[in-house]
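The values are calculated or read from the model by the stated rules, or taken from the named source; none is laboratory data. This one's a predicted model, so the numbers in the text were calculated from it and none came from an experiment. Every residue, glycine as well, gets a Cβ built from its backbone with ideal geometry; the counts of neighbours run over all protein chains shown. Note: areas computed on protein heavy atoms with side chains; ligands, DNA, RNA excluded. Shrake-Rupley method; radii C 1.70, N 1.55, O 1.52, S 1.80 Å.
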Amino acid sequence: MKKAPGRKLSLAMTLGLSFTLLLSACGGNGNGNNNAAPTDPPAATNTQNSGNNAEPTNNGGTETADSPLAAAMNGDYKGTKVSMFGPFVDADQVKFESSIKEFEEKTGIDIQYEGSKEFEATINVRVDGGNAPDIADFPQPGLLASIAKTGKVIDLTGVLDQEKLKANYNQSWLDMSMMDGKDGKIMAGIWNRSNVKSLVWYPKKQFEEAGYTVPQTWDELMALTEQIAKDGDPAWTIGIESGAATGWPATDWVENIMLRTTTPENYDKWVSGELPFTSPEVKNAVEIMSKIWLNEDYVYGGTKSIVTTAFGDAPKPMFDNPPKAWFNMLGNFITSFFPETAKVDEDYDWFYLPPIDEQYGKPVLVAGDIYAMFNDRPEVRAVMEFFTTGESIKNWVQSGGVIAPMNDASLDWYTSESDKRMAQLVQDASTLRFDGSDLMPGSVGAGTFWRGMTDYISGTATLDDALKQIQEGWNN
C-alpha cells in the first residue's frame, strides 16, 4: 500500500537498472467522506469516453508549450480543484502535502487530498457508486488492476506523452503500469513513490554500545535474536494493525522469506496464482517466519500484541533508552513514524534482511505507489503530468523515507547515507521483485492474504486453515 531517482546516474537509474530484472520477470491504505468542494463536471468518467479516445498531448515537461503542465504553470487553470484520495495519513500526509505545495502556489490549482487508513475498503465503493476521486493513489497495483478491468480507469496512453515517460522512467516501471482494461491493455497509472522492503531497522548507537554485530546470514540473525533474548530483551518489535488493512506487514515477511527460500520463478508463479498458498514452498516460508513471530521471548509484548499493535507504533520501543526491543522489519517509509528527534545514520540505521538459502543470493523486495486518473479535465491532466516529474516528490525525498522512480530526481536530494545505501542495495541485488501482495488481485493481496495471516497470528486459525483461507481469495 509502493524508488530510485534519476540523477546523472540517479537513484532511479540505479533502481531502474535492477527493476528491469524484476518487472520483466513479474510482469510495493483510506476511508472517510470526501469533503473537497465539487469541481466542474468531468468531461468523461470512463476510459471509453475520455482517456481511450483522448488525443495525445505533450505532457512530459514544462518546456512543451501545449502540454497541460505548461498550461498550468502559465496559470491557465488557476482556481480549479482536483480531488485526490489515497492512503497517506498522519506524517505521510504532511510530507505529501508539502511536496505539492509549491506546485499549487505556482499554478493556482487546489489539489484537495483526502487520506484514510480505509482506502482499500473504500475505493471500490466510491468508484462503483460514481463518486470516484479525480486521482487515486494505489499502494497495491493488484487492486488498481481489478478496477481497471471495469473500464472506469482512464487510459493514460493518450493522456501523457509516452516518449517523455520513456525518457524519465525505466521501462520496467512503464511495463508495470500496463494493465487489462475493459477492451484491452491500458496504461492504468503512473508511479510516483517507491520504497525498499528488505530492511531491518535498529537503534544504531545502542546496538553498537551493546557490542552486537550486524548479522550477515540468517543463522547469524537467529543467533543474535537468541542472544538478545538471553540478555533480557525481545529482539523484535512487530505490529500488523492497520485498520481495514490489518495484516499487511505480515505479507512483507512472507514475501521476503519466499525470495530467500525458493526460486524467483516460483515467486512469480505464486504471485500469479500458479503456485498456491497451500504449496510446501509457501508453508515453509510462513513456518520460518513463525520461529520469530510465535516465540514469546523474541517479540516485544509477546505474540498476541502483534495483531493489536499499529505498524507505525511498533518501532517505538527501539527508541527508549535503553531500548526495549531492537529490530523492526519494514520498508523505508517507516522512518516517517520514527521520533522526530531521532537522527538517521546516528540514532538508527538498517541492515539488509540476510539470505536464508545461499543458492538464491541476495534478493530485494520493493514496492511503490501508482496514481490512477478517473476524471478527465485539463487541470487533472496537468496534475497527473506533474506527478511524473521528480520535482513532485523532491521535498519528500529530501525529508527521507522514499526513493523516487523518476530519472530527473537528483541523487543530491538524498540527505542520508541510509537512502543512498538503499539505492546501492537495489542495484546490487541478485534478484529483485515487486511486493507480491501488491501485484496479486485485490481479493487476495488486499483481502484474504491480510485476513489469513491475521487469523493465524492471532491464533484463531491453524497455519493449514489460514493458507486454505488465503487461497480461496483466488476464486473471487
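For the reader, a short list of remarks on this structure follows.
- Convex hull volume of the C-alpha atoms in region 398-442, normalised per residue: 107 Å³.
- About its Cα centre, region 405-476 has a charge dipole of approximately 120 debye under the convention of +1 per Lys or Arg Cβ and -1 per Asp or Glu Cβ, with nothing else charged.
- Normalised by 2.2 N^0.38 Å, with N the number of residues, the alpha-carbon radius of gyration of region 103-178 equals 1.27.
- For region 318-417, the percent of C-alpha pairs falling in each 10 Å distance bin, counted from 0 to the bin holding the largest distance, reads 11, 33, 30, 18, 6, 1.
- Once the Cβ-Cβ distance of GLN359 and GLN227 is raised to the sixth power relative to R0 = 41 Å, the FRET efficiency obtained is 0.90.
- Of ALA72, LEU224, PRO363, farthest towards positive along the dipole that unit charges on Lys, Arg, Asp, Glu beta carbons give the chain: ALA72
- Considering only alpha-carbon pairs that sit under 8 angstrom and 6 or more positions apart, the relative contact order computed for region 161-307 is 20 percent.
- Calculated FRET efficiency, ASN124 to VAL94, Cβ-Cβ distance, R0 = 30 Å: about 0.65 to the nearest 0.05.
- At 1.567 mPa s and 4 °C, Stokes diffusion of region 256-379 via Kirkwood alpha-carbon radius, µm² per second: 74 µm²/s
- Unit charges on C-beta of K, R, D, E only; dipole of the chain, Debye: 340 debye
- Around LYS343: net Lys/Arg minus Asp/Glu count, Cβ-Cβ under 12 Å: -4
- Cα-based convex hull volume of region 190-285 per residue, rounded to whole Å³: 171 Å³
- In units of the compact-protein estimate 2.2 N^0.38 Å, region 333-476 shows a Cα radius of gyration of 1.32.
- Unit charges at the beta carbon, dipole of the chain: most positive-side option, GLY158, TRP326, GLN171: GLY158
- Averaging over all projection directions, the Cα-based convex hull of region 300-343 occupies 3.3 nm² in the image plane.
- Highest average packing first - 224-236, 196-208, Cβ atoms within 10 Å: 196-208, 224-236
- Here the calculated FRET efficiency for LYS304 and ASN131, from their Cβ-Cβ distance with R0 = 51 Å, stands at 0.85, rounded to the nearest 0.05.
- Spacing of the two label points (7 Å from each Cα toward its C-beta) at ASP66 and LYS78, in nm: 2.5 nm
- The DSSP beta bridges internal to the chain are antiparallel in roughly 55% of cases.
- Estimated distance in nm for a label pair at ASP345 and ASP320, the labels positioned 7 Å out from Cα along Cα-to-Cβ: 3.0 nm
- The residues of the chain expose, per residue, 37 Å² of accessible area to a 1.4 Å probe.
- Cα-based reach from LYS269 at 26 Å (exclusive), listing lysines while leaving out same-chain residues under 8 positions away: LYS2, LYS3, LYS149, LYS182, LYS185, LYS197, LYS283, LYS291, LYS362, LYS468
- For region 434-476, diffusion coefficient by Stokes-Einstein and Kirkwood Rh (Cα), 4 °C, 1.567 mPa s, µm²/s: 128 µm²/s
- Maximal additional length on extending the GLN424-GLU102 stretch stands at 112.9 nm, based on 0.36 nm per residue less the C-alpha distance.
- Set of lysines with alpha-carbon distance to LYS78 below 21 Å, sequence-local pairs under 8 removed: LYS101, LYS106
- Accessible area, probe 1.4 Å, largest first, for residues MET289, MET178: MET178, MET289
- Cα-centred dipole magnitude for region 297-352, charges only on beta-carbon of K, R (+1) and D, E (-1), debye, nearest 20: 260 debye
- Local electrostatic count, PRO68, Cβ distance below 9 Å [Lys/Arg +1, Asp/Glu -1]: -3
- Protection proxy ranking of 156-162, 212-218, 105-111, by the mean of other Cβ atoms within 10 Å over each peptide's residues and highest first, is 156-162, 105-111, 212-218.
- Taking label positions 7 Å along the Cα-Cβ direction at both GLU417 and LYS185, the computed distance is 4.3 nm, reported to one decimal.
- Note on region 360-427: Rg/Rh from C-alpha atoms, Kirkwood Rh, equals 1.06.
- Remark: region 76-90, residue by residue, has Karplus-estimated 3J(HN,Hα) of 5, 10, 4, x, 8, 10, 10, 8, 9, 10, x, x, 6, 9, 6 Hz, where x stands for each Gly or Pro and the curve is 6.51 cos²θ - 1.76 cosθ + 1.60 at θ = phi - 60°.
- 222 nm mean residue ellipticity, helices alone, for the chain (DSSP H n ≥ 4; -39,500 (n - 2.57); rounded to 500): -11000 deg cm²/dmol
- Summing charges over neighbours of ASP297, with a neighbour being any other residue whose Cβ is under 12 Å away from its Cβ, gives -2 when K and R count +1 and D and E count -1.
- Taking amide H as placed 1.01 Å from N in the peptide plane, LYS362 has its amide H under 5 Å from the amide H of SER430, THR431, each at least 5 places away in sequence or on another chain.
- The Kirkwood radius of region 139-196, taken over pairs of alpha-carbon atoms, gives through the Stokes-Einstein law at 4 °C and 1.567 mPa s a diffusion coefficient of 110 µm² s⁻¹.
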